[in-house]
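Right, one structure below, let's go through it.
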Amino acid sequence: MELVLISKRPSKWSRLLQWPDRYPAVKWAVMGLAVVTLSMVAVSPWYGIYVRDDESLPQYSFFLLKKGVLPQRGDLVAFEMAQAYADRVRPAGFQRPYSRVGKLWLKEAYGIVGDEVFVEGRTVVVNGRTVATVIEKDIFKQPVEPAQFESPIPSGHYYLGLPHQRSFDSRVIGYVSEKDIKGVVWPIF
């Protein structure tokens, strides 16, 4: 009489349930991701993460957005690009596909309520400080003119910009209304 041993192979389910013991690094990564996700959900009414998707602030890729906060001079600001802003770009009648209407834009608050703004040729000055020069043609070789400004900056409006020479900001779209400002942002990395 011959004795035959049959080795039973573990089922797929039992192997699946053993993965945390076999791959502890993966287990900790999954747990860490779960904690981060739950934390973001818990603070989402007040905070959000914004991922940069243009070349305006190339030194940073991720930002923490504090929602519902109005900026002070020098703060980085997130605002929603409205069609009305894109339509203000002069001369009118040209397509501006880079305006990305409905998307969040990040700019710095160069001017706040009461600040003096004026244009000298193609140069924009806020409170005596040159903040922007308007390029003559955009990336599609279409003409671009400086925005027209009421001075001082009226209540509920901001002059937002960046030092990038082709920044699509208040230099061409005019003041941004506080109703379109989503909050202030801080670079993460």
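The values are calculated or read from the model by the stated rules, or taken from the named source; none is laboratory data. A quick note: this is a predicted structure, and the numbers were derived from the prediction, not measured. Ideal geometry is used to build each Cβ from the backbone, glycine not excepted, and the neighbour counts take in all protein chains shown.
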Residue that is nearest to the chain's Cα centre (by Cα) [pool: residues in region 144-189 that are under 16 Å from residue 74 (Cα atoms) and among the acidic types (Asp, Glu)]: 169
Checked region 162-183 for anything more than 30 Å from residue 45 (Cβ to Cβ) and in contact (Cβ under 8 Å) with a residue 60 or more places away in the chain; matches are 164, 167, 172, 174
Matching residues, region 123-142, being of a type in the set (A, V, I, L, M), in a loop (DSSP other than H, G, I, E, B) and either surrounded by fewer than 13 Cβ atoms within 10 Å (Cβ to Cβ) or in contact with a helix residue (DSSP H, G or I) (Cβ under 6 Å, 6 or more places away or on another chain) (or both): 134, 139
For region 73-117, give me the residue count where each residue is aromatic (Phe, Trp, Tyr), more than 17 Å from residue 156 (Cα to Cα) and assigned to a strand (DSSP E or B). 1
Of the residues in region 163-189, those that are surrounded by fewer than 20 Cβ atoms within 10 Å (Cβ to Cβ) and modelled with pLDDT of 90 or more come to 177, 178, 179, 180, 182
Going through 145, 150, 120 one at a time, which residue ends up being within 17 Å of residue 176 (Cβ to Cβ), acidic (Asp, Glu) and surrounded by fewer than 19 Cβ atoms within 10 Å (Cβ to Cβ)? 150
What are the pairs, 6+ residues apart or on separate chains, where a residue within region 78-107 that is under 19 Å from residue 183 (Cα atoms) has its Cβ under 7 Å from a residue that is assigned to a strand (DSSP E or B) and acidic (Asp, Glu)? 102/80; 104/80
Given the structure, is residue 160 surrounded by 13 or more Cβ atoms within 10 Å (Cβ to Cβ), modelled with pLDDT under 90 and part of a strand (DSSP E or B)? no
Would you please name the residue that is modelled with the highest pLDDT, looking only at residues in region 1-26 that are in a loop (DSSP other than H, G, I, E, B) and surrounded by 10 or more Cβ atoms within 10 Å (Cβ to Cβ)? 23
Restricted to region 57-106 and to residues being of a type in the set (Gly, Ala, Ser) and either more than 20 Å from residue 138 (Cβ to Cβ) or loosely packed, with under 12 Cβ neighbours inside 10 Å (or both), the residue modelled with the highest pLDDT is 74
